[in-house]
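The structure under discussion appears below in the form of C-alpha cells.
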Amino acid sequence: MKTHSLHPFLHLPYLFTTQKKKMALTLRSSTSFINLKDTKGFKTPHEFTGMVCFAQIKPSYRLRARNSMQETQVISRERTSSLEERKDEKSEKIHGLSVSHSKNDSRVPVFVMLPLDTVSFGGNLSKPRAMNASLMALKSAGVEGVMVDAWWGLVEKDGPLKYNWEGYAELVNMVQRHGLKLQVVMSFHQCGGNVGDSCSIPLPPWVLEEISKNPDLVYTDKSGRRNPEYISLGCDSLPVLRGRTPIQVYSDYMRSFHGRFRDYLGDVIVEIQVGMGPCGELRYPSYPESNGTWKFPGIGEFQCYDKYMRASLAASAEAIGKKDWGRSGPHDAGHYNQFPEDTGFFRRDGTWNNEYGQFFLEWYSAKLLEHWRQNPTSCTRNIPRNRS
C-alpha cells in the first residue's frame, strides 16, 4: 500500500461527498457579518466529503476564479468575439449573483461564513440586532445563505448529553425569515490558537476535566507536549469519556441536533459538514502555532506519542513480526521548525523510503483514514437524507 503523505502535516480534505453536480462558494467572514474580503478559510471541499445533503441540495466545491482578460490578450483578433462571449460566461458564473438569469440558471450559490462567535458562551445568539441587519443585507446582495460552526464546546458545555441548541435555534429562525439557507458545521475541535481564530472556545468543561485526569486523551508529540485542540483518534473506540467512546459522543451530538432541527432539514438547513480534527480538518495537529511552537515553513512533528497511538503502533508492528518498530515514531524526523533536507527522515534520500519508514507512514496515514471511516458513518446515520 502506498502512503498518502510523507509529511507530518498529513492533511486530508475537511469534508467528504458522493455526488458532483452543483457548485457552491463559501466565503469566510472573520470580523464582520458582511465582510467578504477574508476568503482564506473556505470550508468547501474538492473531492472528498463527510457532509450530509438533504432534499435536492448538492454538495459544494472550491471555486477558483481566473482572470479572463489575461487569457484573451494572447488570442488572435479573429477569435476575439467568441472569446468575449466566453469571458462573459465565466464572469457570469463567478459573479452570477449580481445579474439576472434565464431558466437555464448557471449561477454559483454563495454562502457567507458567519463569525466564529455567532453564538455566545452563554448559549445565546450574539448581537441579534446586528445579525438581523447583516442577514438582510446579505439577502439583498443575492447571497444564497450562510454557514455557521455548531461548537461542541458550547452546545454540550453543561455536562454529558446536556445539549443547549437555543442560540442556534434563534439563528435558524432568523435565517428562515430572511429567505436564506444555512450550512451547519459540526465542530468538535477547540476554537483558538490557529489562523483566523478570532475567539476562544475550548472543548466542553467536562471533557477538559477528563483530559486533566488522563492527558493521553489528546495528541502528544515526542517531547511530551499535549495538544488540547481535539481528542486523539487513538482512543476513538475506547469508552474514555465517562463511559462513552469519542465516536459515540459525536454520534449522540448529531442525534441531538437532528431531534432539535428536524423540521428545518432540507428547507432551511441544506448542508451538514462534520469536523474530523484540528480546525475541523482530517489531519494531525502537527504544526501548532500557539506559544510559538511552530512557525512557517517548519516541517512540524509527528503526533503519535499518546499512549493510545503508541499502543496502536506497537500492535501493528507486532502483527508483522517487527516488534522493535512499534517502540516509537521515527527518531530522525527532526523538530517543528526544521526543513526537510535538515532531517534524516524527510530529506530526498531519507529513511522515509526504507522498510521501516514505509511501515510507519502507512500506519500513520491509515489511522486518519480509519478515523474518517468511523466518524461520518457513525454520526451521519442518525440523520436521514430526506425528511419523511
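The values are calculated or read from the model by the stated rules, or taken from the named source; none is laboratory data. Just so you know, these numbers come straight off a predicted model, no measurement behind them. All Cβ positions, even for glycine, are placed from backbone atoms using ideal geometry, and neighbour counts span all protein chains on display.
Those residues that are surrounded by fewer than 20 Cβ atoms within 10 Å (Cβ to Cβ) and assigned to a loop (DSSP other than H, G, I, E, B), I need them from the range 208-238; list them, please.
Correct list: ASN214, LYS222, SER223, GLY224, ARG225, SER237, LEU238.
SER328 is checked against (1) closer than 28 Å to VAL185 by Cβ; (2) modelled with pLDDT under 95; (3) outside any helix (DSSP H, G or I) and fails just one. What number does that condition carry?
Of (1) closer than 28 Å to VAL185 by Cβ; (2) modelled with pLDDT under 95; (3) outside any helix (DSSP H, G or I), only one is false for SER328: (1).
Does GLU271 fit the bill of being acidic (Asp, Glu), out of contact with any His (no Cβ under 6 Å at 6 or more places or on another chain) and in contact (Cβ under 8 Å) with a residue 40 or more places away in the chain?
On the way: acidic (Asp, Glu): yes; out of contact with any His (no Cβ under 6 Å at 6 or more places or on another chain): yes; in contact (Cβ under 8 Å) with a residue 40 or more places away in the chain: yes.
It is true that GLU271 is acidic (Asp, Glu), out of contact with any His (no Cβ under 6 Å at 6 or more places or on another chain) and in contact (Cβ under 8 Å) with a residue 40 or more places away in the chain.
Quick one: count up the residues across the range 175-210 that are modelled with pLDDT of 95 or more, small (Gly, Ala, Ser) and over 30 Å from SER140 (Cβ atoms).
Qualifying residue count for the region: 0.
State which residue is surrounded by the fewest Cβ atoms within 10 Å (Cβ to Cβ) when the search covers only the range 146-178 and only residues that are part of a loop (DSSP other than H, G, I, E, B) and aromatic (Phe, Trp, Tyr).
Per the criteria, the residue is TRP165.
Does the range 331-365 hold any residues that are assigned to a loop (DSSP other than H, G, I, E, B) and without any contact (Cβ under 8 Å) to a residue 40 or more places away in the chain, and which are they?
Once the filter is applied, which keeps residues that are assigned to a loop (DSSP other than H, G, I, E, B) and without any contact (Cβ under 8 Å) to a residue 40 or more places away in the chain, the range 331-365 yields HIS331, ASP332, GLY334, HIS335, GLY344, PHE345, ARG347, ARG348, ASP349, GLY350, ASN354.
Which residues, counting only those in the range 155-194, are in contact with a Pro (Cβ under 9 Å, 6 or more places away or on another chain) and small (Gly, Ala, Ser)?
Within the range 155-194, GLY159, GLY192, GLY193 meet the criteria.
Looking for whichever is under 22 Å from TYR364 (Cα atoms), out of contact with any helix residue (DSSP H, G or I) (no Cβ under 8 Å at 6 or more places or on another chain) and modelled with pLDDT of 95 or more here; the options are ASP236, ASP252, ASP221, ASP216. Which one fits? Reasoning before the result, please.
Details: ASP236 fails: out of contact with any helix residue (DSSP H, G or I) (no Cβ under 8 Å at 6 or more places or on another chain); ASP252 fails: under 22 Å from TYR364 (Cα atoms); ASP216 fails: out of contact with any helix residue (DSSP H, G or I) (no Cβ under 8 Å at 6 or more places or on another chain).
Criteria check complete, one pass: ASP221.
What number goes with the only condition from (1) under 21 Å from GLY275 (Cα atoms); (2) modelled with pLDDT under 95; (3) in contact with a Ser or Thr (Cβ under 9 Å, 6 or more places away or on another chain) that ILE383 does not pass?
Evaluating ILE383 over (1) under 21 Å from GLY275 (Cα atoms); (2) modelled with pLDDT under 95; (3) in contact with a Ser or Thr (Cβ under 9 Å, 6 or more places away or on another chain) leaves (3) as the failure.
Only one of these conditions is not met by ASP306: (1) touching a Ser or Thr at 6+ places or on another chain (Cβ under 7 Å); (2) of a type in the set (D, E, K, R); (3) at pLDDT below 95. Which number is it?
(3)
Going by the conditions given, is VAL143 over 28 Å from PRO205 (Cβ atoms), at pLDDT 95 or above and not in a helix (DSSP H, G or I)? Reasoning before the result, please.
Details: over 28 Å from PRO205 (Cβ atoms): yes; at pLDDT 95 or above: yes; not in a helix (DSSP H, G or I): yes.
Against the criterion (over 28 Å from PRO205 (Cβ atoms), at pLDDT 95 or above and not in a helix (DSSP H, G or I)), VAL143 qualifies.
Which pairs do you get when a residue that is of a type outside the set (Phe, Trp, Tyr), found in the range 236-257, comes within reach of a residue that is buried (at least 16 other Cβ atoms within 10 Å of the Cβ) and in a strand (DSSP E or B), reach meaning Cβ atoms under 7 angstrom, with the pair 6+ apart or on two chains?
PRO246/ILE231; VAL249/LEU241; MET254/MET186
Only one residue in GLY280, GLY298, GLY321, GLY292 is at positive phi and either touching a residue at least 12 places away in the same chain (Cβ under 8 Å) or surrounded by 15 or more Cβ atoms within 10 Å (Cβ to Cβ) (or both), so which one is that?
GLY280
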